[in-house]
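Participant: Attaching a single structure in structure tokens format; questions to follow.
The values are calculated or read from the model by the stated rules, or taken from the named source; none is laboratory data. Just so it is clear, the model here is predicted, and its values are computed rather than measured. Every residue, glycine among them, receives a Cβ derived from its backbone with ideal geometry; neighbour counts consider all protein chains shown. Ligands, DNA and RNA are excluded from the accessible area calculation, which covers all protein heavy atoms including side chains. Shrake-Rupley method; radii C 1.70, N 1.55, O 1.52, S 1.80 Å.
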Amino acid sequence: MLARGFFPDGQLDLSAVPEVLSRRRTLRVLAFTLVSASAGTVLTLLAGLPVAFVLYRLRFPGRALLRAVVVMPFVLPTVVVGVMFRSLLSSGGPLGWLGWDGTWVPILMAFVFFNLAVVVRTVGGMWEGLDRRAEESAAALGANPWQVWRTVTLPVLAPAVISAATLVFLFCSTAFGVVLTLGGLRYGTIETEIYLLTVNFLDLQGAAVLSVLQLLAVVVMLVIAARTRGRREQSLQRVGARAAARPVRRHDIPTLVVTGLVVAFVLLPVGSLVVRSLQVGDGWGLGHYRALTDPDATQALRVSVTEAMGNSLRSAVDATVLAMVLGLVVAVLVSRRPRARAWRRVVSGLDGAFMLPLGISAVTVGFGFLITLDRPPLDLRTSPVLVPIAQAMVALPLVVRTLTPVLRSVDPRQREAAAALGAGPWRAAWTAEGPVLTKPLLAATGFAFAVSLGEFGATAFLARPDRPTVPVVIYQLISRPGADHVGMALAASVLLALVTVTVMGVVERLRVGSVGSF
């Protein structure tokens, strides 16, 4: 895609760079991207830190269920999240009286809703492993809970907080489905602007300039996240054994109240989605759900929604297999710590390179696949294989980030001992790492499946009209006027959300700490 934009006639042409960057609309999009991503990051941190403390440092009944609820938004399809907030804040919704529909507020709320899991899992995973004796010593010397948090806990958690903040900023600034659904043409980010320039105006030079700008920002964010992640791992090694969660005490009540409000904030749009999907005309019923099985229910679709669900499941299975095979190979590679400094830099560079799909424009990925694999021997323009390949690229960083910490936790002397006893390299590695890798592999498989099932940005480019996936169908329905189209979109969103939440519930039962932490 970049070559098509910068080499339009076979020669380098950079004349579009100043012209694109000086457009009034481009400046407005850049300003909105920076301001909305910054505000979304701050609000997500303020909401996520108390929840991380309650779910990872306190022990109470139902904690595992609440963890699954908090993680759920991150694996929901972004277009479903957009539909949720539209149903919540539209004129007929429970919060329609606030008058926020059509403004930037729903986008900001969706950013917090979607990225809450990143803060909770990343910070909570480290918080859970902190040795509590330093906090107890400070409290015994007279420090109140706020002083203990500020002087003892926060300095140790700082790397995890910075890592989570950089990734939340990255996800907010590259959001696509949410902004496209809630912002329309009025509020756009760099990601949606690339989509509009490519699809609506065929302005590949403009799209290429914005893609490069976004890529530079992604690289900077990933470098910061990688460095803070390294400091976090070193910090974990310093504190030693994991500390057990403690029972709830009286001074935890304010934090529990904040957590309750945040959980209510997560459940409110979900509940609104379910309730509104059952509204048929002036009454209640399952009419919208029955229409999902009827291919003639609307002229907007060429197949029924249930058939699209079958397409989504098949693509997600294929993408999961591909992501797991590649992810395991990459995780083994980047988890090794070579003694030579040059090789350590190479491994570190590979670790960062395989994180790029996490932040790079899904639109760029999808369109890039489309125009790259369009000639023999790999002419896949009309092949359904492109969809699972693109989805696997999106899920790959999540698989790597789930498996790599587990592999790095294995003492390399175990492999060396197995090799000294005569085991070959593969047998030695399996003997040392196999026992601890089973549950993370299952968890990563479920995580990759859920993410692939809801992928929308790249799939919107690559899905064939006769083989759409459910997120594509939902966007097609929500873009058409008419209450029946909206009702079917809501019912399809409930169906898709139910599948992804069920998968994540199973993953959460595996209790793998690195799932969902980056």
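Participant: With the stretch 139-188 as the region, which helices (runs of 4 or more DSSP H) entirely inside it contain at least 2 residues that are surrounded by fewer than 18 Cβ atoms within 10 Å (Cβ to Cβ) and more than 20 Å from the chain's Cα centre (by Cα)?
Facilitator: 145-148, 154-173
Participant: Now, a different point. Give the stretch 240-294 a look and list any residue that's of a type outside the set (A, V, I, L, M), in a loop (DSSP other than H, G, I, E, B) and under 29 Å from the mean Cα position of the chain (by Cα), or say none.
Facilitator: Arg242
Participant: Sort out which residues of the stretch 397-412 are open to solvent by less than 20 Å² (accessible area, probe 1.4 Å) and assigned to a loop (DSSP other than H, G, I, E, B), and write them in order of number.
Facilitator: Val410 - this is the single residue of the stretch 397-412 that is open to solvent by less than 20 Å² (accessible area, probe 1.4 Å) and assigned to a loop (DSSP other than H, G, I, E, B).
Participant: When Leu496 is evaluated against the numbered criteria (1) at pLDDT 80 or above; (2) assigned to a helix (DSSP H, G or I); (3) more than 24 Å from Val385 (Cα to Cα), which criterion, by number, is the only one it fails?
Facilitator: (3)
Participant: For the stretch 77-98, which residues satisfy the criterion of being part of a helix (DSSP H, G or I) and open to solvent by less than 40 Å² (accessible area, probe 1.4 Å)?
Facilitator: Correct list: Thr78, Val79, Val80, Val81, Gly82, Val83, Met84, Phe85, Ser87, Leu88, Leu89, Gly96.
Participant: Scan (1) in a helix (DSSP H, G or I); (2) more than 30 Å from Pro295 (Cα to Cα) for the single condition Ala423 breaks and write down its number.
Facilitator: Status for Ala423: all satisfied but (1).
Participant: Also, quick follow-up: Which of the residues spanning the stretch 99-138 are more than 17 Å from Phe176 (Cα to Cα), outside any helix (DSSP H, G or I) and either of a type in the set (D, E, K, R) or over 24 Å from the mean Cα position of the chain (by Cα) (or both)?
Facilitator: Gly99, Trp100, Asp101, Leu130, Asp131, Arg132 - these are the residues of the stretch 99-138 that are more than 17 Å from Phe176 (Cα to Cα), outside any helix (DSSP H, G or I) and either of a type in the set (D, E, K, R) or over 24 Å from the mean Cα position of the chain (by Cα) (or both).
Participant: So if I check each of Gly82, Gly93, Gly129, Gly102, which one is in contact (Cβ under 8 Å) with a residue 24 or more places away in the chain and within 30 Å of Val156 (Cβ to Cβ)? I'd like the intermediate steps shown before the answer.
Facilitator: Numbers: Gly82 fails: within 30 Å of Val156 (Cβ to Cβ); Gly93 fails: within 30 Å of Val156 (Cβ to Cβ); Gly102 fails: within 30 Å of Val156 (Cβ to Cβ).
Going through Gly82, Gly93, Gly129, Gly102 in turn, the sole match is Gly129.
Participant: Same structure again: I'm trying to understand the selection: among the residues of the stretch 189-205, which are in a loop (DSSP other than H, G, I, E, B), touching a residue at least 12 places away in the same chain (Cβ under 8 Å) and within 16 Å of Arg24 (Cβ to Cβ)?
Facilitator: Hits for the stretch 189-205: nothing passes.
Participant: Same structure again: All but one of (1) touching a helix residue (DSSP H, G or I) at 6+ places or on another chain (Cβ under 6 Å); (2) open to solvent by 10 Å² or more (accessible area, probe 1.4 Å); (3) free of Cβ contacts under 8 Å to residues at least 60 places away in the same chain hold for Phe74; which doesn't?
Facilitator: Among (1) touching a helix residue (DSSP H, G or I) at 6+ places or on another chain (Cβ under 6 Å); (2) open to solvent by 10 Å² or more (accessible area, probe 1.4 Å); (3) free of Cβ contacts under 8 Å to residues at least 60 places away in the same chain, Phe74 violates only (3).
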